[in-house]
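These notes concern the structure reproduced below.
Each reported figure results from applying straightforward, stated rules to the coordinates on display, with no laboratory input. Computed from a prediction, not measured in an experiment: that's the story for all the values here. Here the Cβ is made from the backbone with ideal geometry for all residues, glycine too, and neighbour counts use every protein chain on show.
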């Protein structure tokens, strides 16, 4: 990450992971590696952030691990945020994105292919395709 966060640019993840509810040190090390990769490429999908197939596969295995939970990963972040707030002497700004998306349309109709099913073909030979209406 750019800028100094108090823990230093290289060690900011340590504060986030120290209180994380991950069951062993290997998962904690992988979590630190993922935080480093994802923060170096904000907004990028996992394969682009990880850089190669081995790292991407390791990331997906981490996310698929039944011992890794959303609560466990966020616990450290919540604890680190609480510590930063407690250490602050001035006002704390809490920013929120209030962007709203509206998916309604004035003239609902077929919007095109939304899913292709590779499970076979109709009797006439056309592929099975699902279309949706908004």
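Just a few scattered comments:
- Of the residues 100, 16, the one with the fewest other Cβ atoms within 10 Å heads the list, and the complete ranking is 100, 16.
- Ordered from longest to shortest, the equivalent ellipsoid semi-axes for the range 12-87 are 22, 15, 9 Å, each the square root of 5 times a Cα gyration tensor eigenvalue.
- Point-to-point label distance, residue 63-residue 100, nm (Cα→Cβ direction, 7 Å offset): 2.9 nm
- A protection proxy built from the mean count of other Cβ atoms within 10 Å ranks the segments 23-34, 86-97, most packed first, as 23-34, 86-97.
- Extension reserve of the residue 36-residue 81 stretch, reckoned as 0.36 nm per residue once the Cα distance is removed: 14.4 nm
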